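Single-structure report; data block below.
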Amino acid sequence: MGPDTFTNGLSAHRRRLQDMTINLTHLQRLEAESIYIMREVVAECEKPVMLYSVGKDSSVMLHLAKKAFYPAPPPFPLMHVDTTWKFKAMYEFRNRMAKEVGMELIVHINQEGLAQGVGPFTHGSAVHTDVMKTQGLKQALDKYKFDAAFGGARRDEEKSRAKERIFSFRSAQHRWDPKNQRAELWNLYNTRKHKGESIRVFPISNWTELDIWQYIHLENIPIVPLYFSDKRPVVERDGSLIMVDDERMPLKPGEKPQMRSVRFRTLGCYPLTGAVESEANTLPQIIQEMLLTTSSERQGRAIDHDAAASMEKKKQEGYF
Amino acid sequence: MAHQSDLIASDIDAYLTSHQYKSLLRFITCGSVDDGKSTLIGRLLYESKMIFEDQLSALEADSKKVGTRGGELDFALLVDGLAAEREQGITIDVAYRFFSTDRRKFIVADTPGHEQYTRNMVTGASTADAAVMMIDARKGVLTQTRRHSYLVSLIGIKHIILAINKMDLVEYSQERFDAIERDYRAFAARIGLNQITAIPVSAVYGDNILQHGDNMPWYKGPTLMSHLETLEIDRTDVMPFRMPVQWVNRPNLNFRGFAGLIVSGKVTKGERIRSLPSGKESNVASIVTGDGEIDEAVAGQCVTLTLADEVDASRGDVISVANDPPQSASAFEATLVALNDAPILPGRSYLLKLATKVVSATVNPIKYKVNVNTLEQLAAEKLELNDIGIVELELDQPLVFEPYEKNHDLGSFILMDRMSNNTVGAGTLHFALRRSQNVQWQFTDVNKKARAQLNRQQPCCVWLTGFSGAGKSTIANLVEKKLFSIGRNTYLLDGDNVRHGLNKDLGFTEQDRVENIRRVAEVSKLMVDAGLIVLVSFISPFRAERNGARALFGEGEFLETFVDTPLANAEARDVKGLYKKARAGELKNFTGIDSPYEPPEAPEIRIDTTKLSPEQAADLIVSTLRTRGIIPQE
Ligand SMILES: Nc1nc2c(ncn2[C@@H]2O[C@H](COP(=O)(O)OP(=O)(O)O)[C@@H](O)[C@H]2O)c(=O)[nH]1
């Protein structure tokens, strides 16, 4: 498969978009649903923001936002809650994208956490995630007084997300009260809230991993190169391949980074994100690998292995 | 995630192309506990290879540990997890599952449970195209089956798949299957369900799920999966064009586009359209999407329309085909489902959202509620969680709508509480009530403004609220005397007096209190219109009602006056001996004792009776009227 199957696929898709006016495809329906949700937020909320995590789901979300408000640019800023431990390639990509779409990019780092030197190696993944991500996010929302924040979570990612609303309320303390979720019927979203309260909005709730990849493929959406295979320096730890992305990574005695052909299925903080060995370096190859693969997407994320704190609990405390 | 297709390995591009044009089917599964719903969904996920190996090995382990199948794969465990969450008290009204085959992507709304069933099912059903109704072959059509079917019919799902499960436990008997199907069809016809496909299955062994298997050679119909893959989704594109305006896109002076989701029909460039409620007509100048301009767009697409003429439409308006527009009305008959612990009370002012429009609405009256098990009609004074009522709705302004039956998007609504902001109800519109279309507000030539000028006063409503015995009547009386002495035209509405006449049919239950206040608010509004300064002296304990009253008046016409006397002081005074009676249990629903008082959050006037005498309090009110320009300066 060469690059032209790509473009062929793309223009065929566009053509079909024009002819196939009767039965919309599943991707067209998902796209319309996401666009509707985003417009609803912009129409009814005072100060929305899009949480941008630089991963593939964020890329799709950003792409949908561009479409939703075209020809206007999306009428809200992007915000990245930076743990300072992301892959270098993610930072480069983030800055390039913000420039390209012409949206304001807010980068927030939990300065207290930074001052205390909180990091995954010194404090463990649970503390690191809590301080730099969960607390960082709360700080940022308080600081800028955003009343609605778009997030790229999908319901197929995990059992507990399967039942979360698309519009999910947070108290003024950013807590999620699972016992008190609002009924959500048809596409009638209730965005009313008291002062200080906010809403997390998940416009791609109903997309699956395959939908995301297929859409990236069809729409030619840029993604971080780390998703494609390349020779990268990695060490093997507890069965995971961890990339040595910078000098902050302490090597154990006898540990020597090896150059291996790897790629990433999800992206997060590099010390917490396992790579998979792969030769896939085109989107169809990635999709093929995903379809043939035998382990679920989030297995590569160390945070999910922390059995002590379930996703439920993290969410109640304000983790996205 | 091994999708069956061998194409994945051999020709990924061909595979992707074939998957690009899948359609999407949303369905809901209904059934009583233990009918096999989880097992069925688990199997569908498993069979469509949506299960990864790590999940599969977890499933194997769990099946041995806690499974109900003697160590064999228990598919139900794939979708459970809900049970545990329920124990933690988490509301799980609906969980969504995803799977896809070569032909379709599926979103399954799985609604667990018993108690909250109505709320959960209605929520899950609201976005579904089809319903899989599970029946245990041993038990046949049960009360629950009837209830679920009724709810499905309310939401307007037309495709029913009757999955008669556990056929293995009835020896795969055709007779049993036929009998249940007959039974069900007889009942379903009564509630207007007629597109029914009955399929005998065994969720556990897989008969007629993907493959027919050898156990029921007598069954010639489709398997469950092939039926789900091929059933025809209702088409909304053949109806007349309608698009509620969601957002007005104005990036610069040269572009003004109306963004929205087309809810029915299609629109072509150049077509004549009408904007409602204004009724202005124009032509579609362009159909803009994120992929550029297109010539035609259909139901289900989000687009941005620009028009040839300057048309001042805003969010909540509806753009429709010019020669076949929808109607507007401000009163309806509707089905209303209560979704919240706080009951829906007739007379209370709620916010109603239909498509992209939000208006004020009151339920008035509840005609009856429906027993979902027997379909019996029962009298009701309020709708409590999970109740389904047939009600009349009154709005503060006309709304562009269509009956739900005809157009789901322009006929469905939610009700939101003004105070808690919660979604307290959801419903479907049946038809507009004649009165709303015929009884127009009469515009008279001598109006409020003219009368105000003649009287040299701005009419307004001073609304005194506070505990019984707080001093409201005393203060209101003094205020009226002072205003009278300077030649102002006033009227005092006092709680007790009104209860002797206009409201003598009302008691003190929550819903009667709501109605009591509603009537007083309406009367005050008429009096303000007549040019008077109206003093209202009512306990009016609920914020929602006071806000409802406020909503009737114009800017600056409503002065909420909080007569702030601590309960202990009011009770110590006990002028009428009522607190004593209430404490003794002789008076029920007494504010402050066994019925709540919700103090105003931002009253225009607050009177601290522990600091001010009644005389000083009255002066404070009169001087406030002066500074607000309601009566002339001295
Ligand atoms: N023999 C038999 N048992 C079944 C079948 N479907 C489900 N069951 C069993 O019935 C019980 C309840 O099933 P489950 O899927 O948990 O029901 P749910 O409460 O509707 O989700 C479990 O023990 C299942 O294994 C079937 O087709 N045949």
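Excluding B:K588 itself, calculate the net charge of residues whose Cβ lies under 13 Å from the Cβ of B:K588, where each Lys or Arg counts +1 and each Asp or Glu counts -1.
Values: positive: B:R513, B:K581, B:R583; negative: B:E510, B:D512, B:E586, B:D594.
Net of charged neighbours comes to -1.
Considering only protein heavy atoms, with the full assembly of protein chains and a 1.4 angstrom probe, order B:D110, B:D129, A:D238, B:D594 by accessible area, largest first.
Numbers: B:D110 5, B:D129 30, A:D238 155, B:D594 75 Å².
Largest to smallest exposure gives the sequence A:D238, B:D594, B:D129, B:D110.
Quick one: if the Förster radius is 35 Å, what FRET efficiency do B:A9 and B:D341 give, using the C-beta to C-beta distance and rounding to 0.05? Walk me through the numbers on the way to the answer.
Numbers: r = 53 Å, r/R0 = 1.53.
After rounding to 0.05, the efficiency reads 0.05.
Quick one: pull the percentage of alpha-carbon pairs in segment B:114-182 with a separation above 14 Å. Walk me through the numbers on the way to the answer.
Working: 1406 of 2346 pairs.
In whole percent, the share of Cα-Cα pairs in segment B:114-182 beyond 14 Å is 60.
When the Cα centres of segment A:108-140 and segment A:250-292 are compared, how far apart do they sit, in Å?
So the two Cα centres are separated by 25 Å.
Which angle between 0 and 90 degrees, to the nearest 10, do you get for helix B:53-66 versus the longest principal axis of chain B when only C-alpha atoms count?
80
Is the shape of segment B:506-634 rounded, prolate or oblate, going by the alpha carbon gyration tensor and its root eigenvalues a ≥ b ≥ c, with a/c under 1.5 for rounded and a/b larger than b/c for prolate? Could you put the intermediate results ahead of the total?
Numbers: a/c = 2.38, a/b = 1.37, b/c = 1.74.
Since a/c reaches 1.5 but b/c is at least a/b, the shape of segment B:506-634 is classed as oblate.
What distance in nm separates the two pseudo spin-label positions at A:N281 and A:E112, each 7 Å out from Cα along the beta-carbon direction?
Taking the two extended label points, one gets 4.6 nm.
Let a ≥ b ≥ c be the square roots of the eigenvalues of the Cα gyration tensor of segment A:243-282; is it rounded (a/c under 1.5), or, if not, prolate (a/b larger than b/c) or oblate?
oblate
Where in segment B:282-301 is the amide nitrogen less than 19 Å from a point lying 7 Å along the Cα-to-Cβ axis of A:N220?
B:289-294
Run the dipole for segment B:544-596 about the Cα centre, Lys and Arg Cβ at +1, Asp and Glu Cβ at -1, nothing else charged, and hand back the magnitude in debye, nearest 20. Working shown, then result.
Numbers: 8 positive and 9 negative charges, 75 e Å.
Roughly 360 debye for segment B:544-596.
Can you give me the pair-distance distribution of segment A:39-94, C-alpha pairs, 5 Å bins, whole percents?
4, 17, 27, 24, 14, 9, 5, 1
Calculate the mean, over all residues of peptide B:283-296, of how many other protein chain Cβ atoms lie within 10 angstrom of the residue's Cβ.
Details: counts 0, 0, 0, 0, 0, 2, 6, 12, 8, 2, 0, 4, 2, 3.
Whole-number average of other-chain Cβ neighbours for B:283-296 is 3.
Taking every Cα atom in segment B:190-256, find the radius of gyration and the maximum pairwise distance Dmax, and write them in Å.
Radius of gyration, then largest Cα-Cα span, for segment B:190-256: 22.6, 70 Å.
Once fully extended, how much extra length lies between B:R190 and B:K139, figured as 0.36 nm per residue of separation less the alpha-carbon to alpha-carbon distance? Present the calculation step by step, with values, prior to reporting the outcome.
On the way: separation 51, 0.36 × 51 = 18.36 nm, distance 2.12 nm.
Length gained, B:R190 through B:K139: 16.2 nm.
Note down the Stokes-Einstein diffusion coefficient of segment A:137-183 in µm²/s, whole number, using a Kirkwood radius over alpha carbon pairs, 25 °C, and 0.890 mPa s.
Working: Rh = 12.0 Å.
Calculated translational D: 204 µm²/s.
So if R0 is 25 Å, what FRET efficiency would B:A285 and B:N323 give, r being the distance between their Cβ atoms, rounded to the nearest 0.05? Don't skip to the answer; put the middle values down first.
Numbers: r = 19 Å, r/R0 = 0.76.
Plugging the Cβ-Cβ distance into 1/(1 + (r/R0)^6) gives 0.85.
From the square roots a ≥ b ≥ c of the eigenvalues of the alpha-carbon gyration tensor of segment B:345-502, which class results: rounded (a/c under 1.5), prolate (a/b over b/c), or oblate? Present the calculation step by step, with values, prior to reporting the outcome.
Working: a/c = 2.70, a/b = 1.72, b/c = 1.57.
Here segment B:345-502 falls in the prolate category.
Please provide three numbers in whole Å: the alpha-carbon extents of chain B along the principal axes, with the largest listed first.
97, 69, 45
Using bins 10 angstrom wide from zero, how does P(r) for segment A:62-210 break down, in % of all Cα pairs?
With 10 Å bins starting at 0, P(r) equals 9, 32, 41, 17, 1.
Ranking request for peptides B:211-223, B:316-328: highest mean number of other beta-carbon atoms within 10 Å first, then the rest in descending order.
On the way: B:211-223: 14.5, B:316-328: 19.2.
Ranked by mean Cβ neighbours within 10 Å, highest first: B:316-328, B:211-223.
Ballpark to the nearest 100 Å², how much total accessible area do A and B bury together, probe 1.4 Å? Write down the numbers at each step before the final one.
Working: alone 15930 and 30070 Å², together 38770 Å².
Counting both chains, the buried surface is close to 7200 Å².
Using heavy-atom solvent-accessible surface (probe 1.4 Å) with all chains present, what is the largest-first order of B:E405, A:E164?
The ordering from most to least exposed comes out as B:E405, A:E164.
Run the numbers for B:E555 and B:E522: contour at 0.36 nm per residue of separation, minus the present Cα-Cα distance, in nm.
Details: separation 33, 0.36 × 33 = 11.88 nm, distance 1.64 nm.
Taking 0.36 nm per residue and subtracting the Cα distance, the gain is 10.2 nm.
Restrict the search to segment B:253-343; then list the GluC sites (Glu not before Pro) that DSSP places in a loop and that have at most 16 other Cβ atoms within 10 Å of their Cβ. List each step's numbers first, then the result.
Working: sites: B:E271, B:E281, B:E293, B:E296, B:E310, B:E333; in loops: B:E271, B:E310.
Passing sites in segment B:253-343 are B:E271, B:E310.
Using the Cα atoms as the points, what is the convex hull volume per residue of segment B:589-634 in Å³? Before the final figure, lay out each step's value.
Values: hull volume 5.1 nm³, N = 46.
Per-residue hull volume (Cα only) is 110 Å³.
So the label point goes 7 Å from the Cα of B:Q453 along Cα→C-beta, right? Which residues of segment B:527-561 then have their backbone N under 18 Å from it?
Counting backbone N atoms under 18 Å from the label point, the list is B:529-532.
When you count, for each residue, the other Cβ atoms within 10 Å and take the mean per peptide, how do B:350-361, B:243-254 rank with the highest first?
Values: B:350-361: 22.1, B:243-254: 17.3.
Ranking the peptides B:350-361, B:243-254 by packing returns B:350-361, B:243-254.
Specify, per residue and in Å³, the volume enclosed by the convex hull of the alpha carbon atoms belonging to segment B:448-543. Could the numbers behind the result be given before it?
Values: hull volume 8.8 nm³, N = 96.
Dividing the Cα hull volume of segment B:448-543 by its residue count gives 92 Å³.
Give me the accessible area per residue for segment A:239-279, probe 1.4 Å, as a whole number in Å². Before the final figure, lay out each step's value.
Values: 1980 Å² over 41 residues.
With all protein chains present, segment A:239-279 gives 48 Å² per residue.
Filter the GluC sites (Glu not before Pro) in segment A:228-282 down to the DSSP loop ones having no more than 12 other Cβ atoms within 10 Å, then list what survives. List each step's numbers first, then the result.
Numbers: sites: A:E236, A:E247, A:E255, A:E277, A:E279; in loops: A:E247, A:E255, A:E279.
Within segment A:228-282, the qualifying GluC sites (Glu not before Pro) (loop, at most 12 other Cβ atoms within 10 Å) are A:E247, A:E279.
Starting from the residue with the highest accessible area, list B:R573, A:R265 in decreasing order, probe 1.4 Å. Intermediate results must be reported in sequence, preceding the final value.
Working: B:R573 115, A:R265 30 Å².
The ordering from most to least exposed comes out as B:R573, A:R265.
Averaged per residue, what accessible area in Å² does segment B:495-555 show with a 1.4 Å probe, protein chains only?
Working: 2430 Å² over 61 residues.
Counting only protein heavy atoms, the per-residue value for segment B:495-555 is 40 Å².
Partner chain Cβ atoms within 10 Å, averaged over the residues of A:62-72 - can you pull that number for me?
Numbers: counts 0, 1, 1, 1, 1, 4, 8, 7, 10, 9, 9.
Mean shielding by partner chains, rounded to a whole number: 5.
As a quick test, which of the pairs A:K47/A:K133; B:K382/B:K588; B:K504/B:K611; A:K99/A:K195; B:K482/B:K576; A:K163/B:K382 have an alpha carbon distance above 28 angstrom in this structure?
Numbers: A:K47/A:K133 21 Å; B:K382/B:K588 19 Å; B:K504/B:K611 35 Å; A:K99/A:K195 33 Å; B:K482/B:K576 26 Å; A:K163/B:K382 30 Å.
Table pairs above 28 Å Cα-Cα are B:K504/B:K611; A:K99/A:K195; A:K163/B:K382.
Can you report the principal axis dimensions of segment B:279-435 using only the alpha carbons, biggest first, rounded to whole angstrom?
Over segment B:279-435, Cα extents along the principal axes are 53, 33, 32 Å.
So what is Rg over Rh here for segment B:314-391, counting just Cα atoms and using Kirkwood for Rh? Walk me through the numbers on the way to the answer.
Details: Rg = 15.2 Å, Rh = 14.3 Å.
Rg divided by Rh gives 1.06.
With each pseudo-label sitting 7 Å past Cα toward Cβ, what's the A:L251-B:K611 distance in nm, one decimal?
Roughly 7.3 nm, to one decimal.
Between B:Q377 and B:M419, 0.36 nm times their residue separation minus their Cα-Cα distance comes to what?
Details: separation 42, 0.36 × 42 = 15.12 nm, distance 3.08 nm.
Length gained between B:Q377 and B:M419: 12.0 nm.
If the label point is 7 Å along Cα→Cβ of B:R272, which residues in segment B:281-301 have backbone nitrogen under 11 Å from it?
From segment B:281-301, the list is B:281-283.
Please list the radius of gyration and Dmax for segment A:57-136, considering alpha-carbon atoms only, with Å as the unit.
For segment A:57-136, the Cα radius of gyration and maximum Cα-Cα distance read 14.9, 47 Å.
Would you check the accessible area of A:T84, probe 1.4 Å, heavy atoms only, in square angstrom rounded to 10?
30
Once the mean 1/r over all distinct Cα pairs of segment B:214-306 is inverted, what Kirkwood radius in angstroms do you read off? Can you show the working numbers first?
Numbers: mean 1/r = 0.0637 Å⁻¹.
This gives a value of 15.7 Å.
Using a 1.4 Å probe on the protein heavy atoms, what percent of the accessible area of the protein assembly as shown belongs to carbon and sulfur? Don't skip to the end; give the middle numbers.
Details: 19050 of 38770 Å².
Result for the protein assembly as shown: 49 percent of the exposed heavy-atom area is carbon or sulfur.
Counting other Cβ atoms within 10 Å of each Cβ, which trypsin sites (Lys or Arg not before Pro) in segment B:500-564 have at most 11 and sit in a DSSP loop?
Listed in order of number, the matching sites are B:K504.
Bin width 10 Å, alpha-carbon pairs only: give the P(r) of the protein assembly as shown as whole percents, running from 0 to the bin holding the largest distance.
Going out from 0 Å in 10 Å bins, the protein assembly as shown shows 2, 10, 18, 21, 20, 14, 9, 4, 1, 0 percent.
Between B:K580 and B:E171, what is the label-point separation in nm under the 7 Å Cα-to-beta-carbon projection?
With each label placed 7 Å out from Cα toward Cβ, I get 8.0 nm.
The values are calculated or read from the model by the stated rules, or taken from the named source; none is laboratory data. Computed from a prediction, not measured in an experiment: that's the story for all the values here. Note: ideal-geometry Cβ built from the backbone for every residue, glycine included; neighbour counts use all protein chains shown. Just the protein is used for accessible areas: all its heavy atoms, side chains included, with ligands, DNA and RNA removed. Shrake-Rupley method; radii C 1.70, N 1.55, O 1.52, S 1.80 Å.
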